[in-house]
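Participant: Have a look at this one.
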There are 2 protein chains.
Amino acid sequence: MGSFQRPRGTRDLLPGTMQRREAYLRTVRALMHGAGYGEVLTPTFEHLELFEAKSGAGIRDELYAFDDKSGRKLTLRPELTAAVMRAYLEEMTHLPKPLKLYYIANCFRYERPQAGRYREFWQIGAELLGADPLLGDVETIALAWRCLQAAGVETLHVRLGHLGLVRGLLAEGKVEQPEPVLRLLDKGDRQGLQEHLLTIGADEVAAPLLDLLAARSAPSQEQLQLATELSQSHPSILPTVGHLQRLLALLHHANVPSIHLDLAIARGFDYYTGMVFEVDVPTLGAEKQVCGGGAYDLLEAFGGVSTPTTGFAIGIDRMLLAQEQTRGAPAPLEALDVLVVPLAPQAIPLAWQLVTKVRDTTALSVEVELAGRNLGKALKYADARATTVVVIIGEREVAAGEATLRWLSDGTQRSVPIDLVAATLRAGDGSAQAPLP
Amino acid sequence: MGSFQRPRGTRDLLPGTMQRREAYLRTVRALMHGAGYGEVLTPTFEHLELFEAKSGAGIRDELYAFDDKSGRKLTLRPELTAAVMRAYLEEMTHLPKPLKLYYIANCFRYERPQAGRYREFWQIGAELLGADPLLGDVETIALAWRCLQAAGVETLHVRLGHLGLVRGLLAEGKVEQPEPVLRLLDKGDRQGLQEHLLTIGADEVAAPLLDLLAARSAPSQEQLQLATELSQSHPSILPTVGHLQRLLALLHHANVPSIHLDLAIARGFDYYTGMVFEVDVPTLGAEKQVCGGGAYDLLEAFGGVSTPTTGFAIGIDRMLLAQEQTRGAPAPLEALDVLVVPLAPQAIPLAWQLVTKVRDTTALSVEVELAGRNLGKALKYADARATTVVVIIGEREVAAGEATLRWLSDGTQRSVPIDLVAATLRAGDGSAQAPLP
């Protein structure tokens, strides 16, 4: 039989990468629990119609959809928000609100593989149901910021907007088909936007929309100033301007540093209802966006009671890529603390007793040499595993009731009564040899 | 639009369950790292042929197989061992051996849903490549035992066998088609086995096979004694008997308590090569098996160099079910340590400063009251979340630079200068109120 490859667009995560990833996810879980969020885990596949209800039938081209053996139309989930909302409606409506949920899970999209884009990718996400819109926005952005910061990535750029501005102006201008406007805004196509607004007769709101677009890269205070001025002649945007002012002030108290406003933002206009934000790691290049979120309301479309919700999703794979840029690539395997090498048949039971004791009483990683090799080869293996201490139990040691501890960093060694080896290792060796990690 | 359900045979894991599950998996990860194992994560789907190469085309009926948009035949993985071996051959052959890998991952099988059996299920597993067969067996069983024990389940039954006995006897009896024999052994069908062995003319080995089958429930020492006696007239099983004796002795040194031998075990005969073991939680009823493992060699079939491997897989879902039998069902949500309730507009910035400080400086879970409710409703929410302390900041408190701390267990409360609230909470409140967790 031939050899096998992993499917195109997927990856194997090896031990060195997984160690870093787990350390990050452990921190994220602690942050989530510290903020009162509870973890949920939904099935990897859902009914196809769930995601069509959220994103329209057009999403089908990006999905790993399949029929099960009973003809049900299923799909690997392309994202978690719809799934978490489905699970909420099915099983959690009785829980006290505001309800705070988070997930760490994989998603699947059938798209052209490229750097930082995989067909199976992982997300950290949170959803907050039933909060006051302003407080929910603060909580969501502050939590996303904490989770992003925990990765130790040097530069994070937060862009914040609010769909209330563009939505208000389009309603005021009686623009019935907002999609073309939003597409032009999103592309930053000033001239196209101007022509389009004239064509559809939305002259009244052309000026403020173009002003917002022109100012999107200006300092946040300037944009806020502009929006405040615009609100005097366009009262439809007054509530949004007030919301943004209060939001920025509270984010300052929640210790979220400089945020860049982008008042012409048009992200996911269809199901976002208010605040939207995106976070980039600029050094990641084309695939630099590591987080997106905002305020939305999907529950009514899913057959439930309309409920304000805010949430975000962080791309784990890109965060780890960004972390590698700062910290370098991980070693392929974790370093080993202790290798116990039995060099005589009667040493083997002693070796197992010893590793069992070390595993029971310390947090050190410890192995018995499992290939039955001689000392030279065992030391070579220990070296390849970046081992700190090798514990040698040969015939002489068995006879003397001792073990020889050898520190690989400087080659020093000493004999320790076998009963004291675990305690010696646990203490990191008090006697000025190379310290244990 | 209508409401949505999760797909048949799948589950949503809610916060209370996930909290227990994460606590268990955190312990398992620590045990794996303590034993020198590195975590791997392979794609959720693989090429269909990978699992056919391991288990034969018959497995297709149990798979969630599908074609991707380029016509590739893919399948959700039904288990991890084949995937980890594929990943090893593709990316890890250069790593020092013995190589120790583990995974915590989901698998998918299309089968009739029933209690303790889901179409998406989760496994903890470990694979050890390139160890000495005896030492590899000890390590694998000892590690599985530690991981199982960590769940705090009361009764765990380990059954240990070795395919060398039956394999040796069948070879000695020149039985060319072992499958029917194995099926009868597995069913414990003594009469059927006897008739079949006579029919195929394997008279010579009928007696020892029937003896092993008859003794499978006898105490381990009796079965070992029987095997030792049989080995005098059937030298083909001599090495296996010696292996089992040494294995049991070393497991004793590795602190694995009583193991029940089953020398007529026929588990997964096709790719297991020697030792096999299974662990049951008897109180789980029909779906009581929580762990299976053994020695195998898949690499040659996958186009690599033959390498002795031992491994196991633990069913996470069943372990959590067993844990529930001991500890009861979890609460739907985690308890909350601290709820901060701002009761005046000017208290809101102070509330955010305070939660930010508590989140930065303690491991407590802390929320701002996010729905803008009055004190009565906020206390009702706090009660529903099983909150320990409510921190109230109203107009009076803002003016005095204080906050009122209220312990819900006994209703006591006291005022604390706002700057000292985080420290007071962190200290678990030194002054004899209800202690914080």
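The values are calculated or read from the model by the stated rules, or taken from the named source; none is laboratory data. Worth saying up front: this structure is predicted, and the values here are computed from it rather than measured. We place every Cβ from the backbone using ideal geometry, glycine too, and count neighbours over all the protein chains shown. All accessible areas refer to the heavy atoms of the entire protein, side chains included, with ligands and DNA or RNA removed. Shrake-Rupley method; radii C 1.70, N 1.55, O 1.52, S 1.80 Å.
Participant: Tell me, what % of the accessible area of chain B is carbon and sulfur with a 1.4 angstrom probe?
Facilitator: Here it works out to 50 percent.
Participant: Once ligands and nucleic acids are excluded and a 1.4 Å probe is used, how much of A:CYS291 is accessible, expressed in Å² to the nearest 10?
Facilitator: 0
Participant: Could you please put A:ASP419, A:ASP280, A:ASP410 in sequence from largest to smallest accessible area, using a 1.4 Å probe?
Facilitator: A:ASP419, A:ASP410, A:ASP280
Participant: Right, next: In whole angstrom, note down how far apart the Cα centers of the stretch B:310-326 and the stretch B:246-293 are.
Facilitator: Value for the Cα centre distance between the two parts: 15 Å.
Participant: Right, another one. Rank A:THR27, B:THR388 by accessible area, highest first, at a 1.4 Å probe radius?
Facilitator: Output order, biggest surface exposure first: A:THR27, B:THR388.
Participant: Same structure, new question: Closest approach to the A-B rotation axis by any Cβ of A: residue and distance in angstrom?
Facilitator: Looking at chain A's Cβ atoms against the axis toward B, the nearest is A:PHE66, 2.
Participant: On to the next question. Starting from the Cα of A:TYR271, move 7 Å in the Cα-to-Cβ direction to define the label point; list residues of the stretch A:26-66 whose amide nitrogen is under 17 Å from there.
Facilitator: What the label zone holds, given the 17 Å backbone N cut-off, is A:42-65.
Participant: From the Cα gyration tensor of the stretch B:13-109, with a ≥ b ≥ c the square roots of its eigenvalues, which class applies: rounded if a/c is under 1.5, or else prolate if a/b is larger than b/c, or else oblate?
Facilitator: Here the stretch B:13-109 falls in the oblate category.
Participant: I need the inter-copy label distances for B:GLY376: point set 7 Å along Cα to C-beta, values in nm with one decimal, smallest first.
Facilitator: 8.6
Participant: Further, regarding this structure: Taking Cα atoms, how many degrees apart are the long axis of helix B:163-172 and the longest axis of chain B, rounded to 10 and kept between 0 and 90?
Facilitator: Helix B:163-172 and the main axis of chain B meet at about 20 degrees.
Participant: By the gyration tensor of its Cα atoms, with a ≥ b ≥ c the square roots of the eigenvalues, what is the shape of the stretch B:173-227: rounded for a/c under 1.5, prolate for a/b over b/c, or oblate?
Facilitator: Prolate shape, in that a/c is at least 1.5 and a/b is the bigger ratio.
Participant: Return the distance in nm (one decimal) between the two label points of a simple spin-label model at A:ASP360 and A:ASN255, each offset 7 Å from Cα along Cα→Cβ.
Facilitator: Inter-label distance under the simple model: 4.2 nm.
Participant: Further question: Show that you can apply the helix-only estimate: for the protein assembly as shown, add -39,500 (n - 2.57) for every DSSP H stretch of four or more residues, divide by all residues, and state [θ] at 222 nm to the nearest 500.
Facilitator: One gets -12500 deg cm²/dmol as the mean residue ellipticity at 222 nm.
Participant: As an exercise, take the mean of 1/r over every pair of distinct alpha carbons in the protein assembly as shown, invert it, and state the Kirkwood radius in angstroms.
Facilitator: Here the Kirkwood hydrodynamic radius works out to 30.5 Å.
Participant: How many percent of Cα pairs in the stretch B:171-271 exceed 25 Å?
Facilitator: The answer is 20 percent, as a whole percent.
Participant: Please give the FRET efficiency for B:ALA384 paired with A:GLN225, using the beta carbon to beta carbon distance and R0 = 56 Å, rounded to the nearest 0.05.
Facilitator: Between B:ALA384 and A:GLN225 the formula returns 0.80.
Participant: Quick check on the stretch A:48-197: take the gyration tensor over C-alpha atoms, sort the square-rooted eigenvalues as a ≥ b ≥ c, and tell me if it's rounded (a/c under 1.5), prolate or oblate.
Facilitator: Judged from the Cα gyration tensor, the stretch A:48-197 comes out rounded (a/c under 1.5).
Participant: Enter the buried accessible area of the A/B pair, total of both sides, probe 1.4 Å, in Å² rounded to the nearest 100.
Facilitator: 9000
Participant: For the stretch A:338-427, what proportion of DSSP beta bridges, expressed in % and rounded to the nearest 5, is antiparallel?
Facilitator: 55
Participant: Now a separate question. Would you grab the residues whose amide H sits under 5 Å from the one on B:ASP262? Only those 5+ places off in sequence or on another chain, please, with H modelled 1.01 Å from N.
Facilitator: B:LEU160, B:GLY161
Participant: Could I ask something else about it? For A:ASP61, which inter-copy label distances result when the label point lies 7 Å beyond Cα on the Cα-to-Cβ vector, reported in nm to one decimal and in ascending order?
Facilitator: For A:ASP61, the other copies' label points sit at 4.0 nm, shortest first.
Participant: If you take the beta carbon distance between A:ARG327 and B:LEU238 as r and set R0 to 45 Å, what does 1/(1 + (r/R0)^6) give as a FRET efficiency, to the nearest 0.05?
Facilitator: Step by step, r from the Cβ atoms, then E = 0.25.
Participant: Another question, then. To the nearest whole number, what is the average tally of beta carbon atoms from other chains within 10 Å of the beta carbons of peptide A:353-361?
Facilitator: Counting Cβ atoms of other protein chains within 10 Å of each residue's Cβ and averaging gives 4.
Participant: ³J(HN,Hα) across the stretch A:86-100 via Karplus (A = 6.51, B = -1.76, C = 1.60, θ = phi - 60°), whole Hz, x for Gly/Pro?
Facilitator: In residue order, the calculated couplings are 4, 5, 4, 5, 7, 9, 10, 5, 7, 6, x, 10, x, 9, 10 Hz.
Participant: Related question: Hey, what angle do you get for helix A:203-215 against the long axis of chain A, alpha-carbon based, 0 to 90 degrees rounded to 10?
Facilitator: Computed tilt is about 30 degrees.
Participant: Roughly what would the spin-label model give for B:ALA399 and A:LYS97, points 7 Å off Cα along C-beta, in nm?
Facilitator: According to this spin-label approximation, the distance is 3.5 nm.
Participant: Additional query: In whole Å, what is the distance between the alpha-carbon centres of the stretch B:96-140 and the stretch B:1-33?
Facilitator: 18
Participant: What does the structure give for B:249-255 when I average, per residue, the other chain Cβ atoms found within 10 Å of the residue Cβ?
Facilitator: Average per residue, whole number: 5.
Participant: Rounded to whole Å, give me the distance from the Cα center of the stretch B:175-210 to that of the stretch A:329-347.
Facilitator: 44
Participant: Next up: Nearest 5 is fine: what % of DSSP beta bridges in chain A come out antiparallel, could you say?
Facilitator: The antiparallel fraction comes to roughly 80 percent.
Participant: Give me the inter-chain shielding for B:369-375: mean count of other chain Cβ atoms within 10 Å, whole number please.
Facilitator: Partner-chain Cβ atoms within 10 Å, mean over residues of B:369-375: 5.
Participant: On to the next question. Keeping all protein chains in the complex and leaving out DNA, RNA and ligands, what accessible area do you get for A:ASP270 with a 1.4 Å probe, in Å² to the nearest 10?
Facilitator: A:ASP270 exposes around 120 Å² with every protein chain in place.
Participant: Restricting attention to the alpha-carbon atoms of the stretch A:241-283, what are Rg (one decimal) and Dmax (integer), both in Å?
Facilitator: 11.9, 34
Participant: Which whole-Hz ³J(HN,Hα) couplings does the stretch B:10-23 yield from phi under the Karplus relation 6.51 cos²θ - 1.76 cosθ + 1.60, θ = phi - 60°, glycine and proline marked x?
Facilitator: Karplus-based 3J(HN,Hα) across the stretch B:10-23 equals 10, 9, 9, 9, 9, x, x, 5, 5, 5, 5, 4, 5, 4 Hz.
Participant: Right, next: On average, how much accessible surface per residue is there in the stretch B:15-327, in Å², for a 1.4 Å probe, leaving out ligands, DNA and RNA?
Facilitator: Spelled out: the 1.4 Å probe surface of the stretch B:15-327, per residue, equals 37 Å².
Participant: Here's another thing I want to ask about it. How big is the convex hull of the Cα atoms of chain A, per residue, in Å³?
Facilitator: Residue-normalised Cα hull volume stands at 213 Å³.
Participant: Points 7 angstrom from Cα along the Cβ direction at A:LYS377 and A:GLU287: gap in nanometres?
Facilitator: Calculated label separation equals 4.2 nm.
Participant: Each residue of the stretch A:157-162 in turn: what ³J(HN,Hα) in whole Hz from Karplus with 6.51, -1.76, 1.60 and θ = phi - 60°, glycine and Pro shown as x?
Facilitator: 10, 9, 10, 10, x, 8
Participant: What FRET efficiency would be calculated for the residue pair B:GLN5, A:ARG26, taking the C-beta separation as r and a Förster radius of 35 Å, to the nearest 0.05?
Facilitator: Efficiency at R0 = 35 Å is approximately 0.60.
Participant: Continuing with the same structure: On C-alpha positions alone, give me the angle between the axis of helix B:347-361 and the longest principal axis of chain B, in degrees, nearest 10.
Facilitator: 40
Participant: The stretch B:338-427: Rg/Rh from Cα coordinates, Kirkwood Rh?
Facilitator: On the Cα set of the stretch B:338-427, Rg over Rh gives 0.91.
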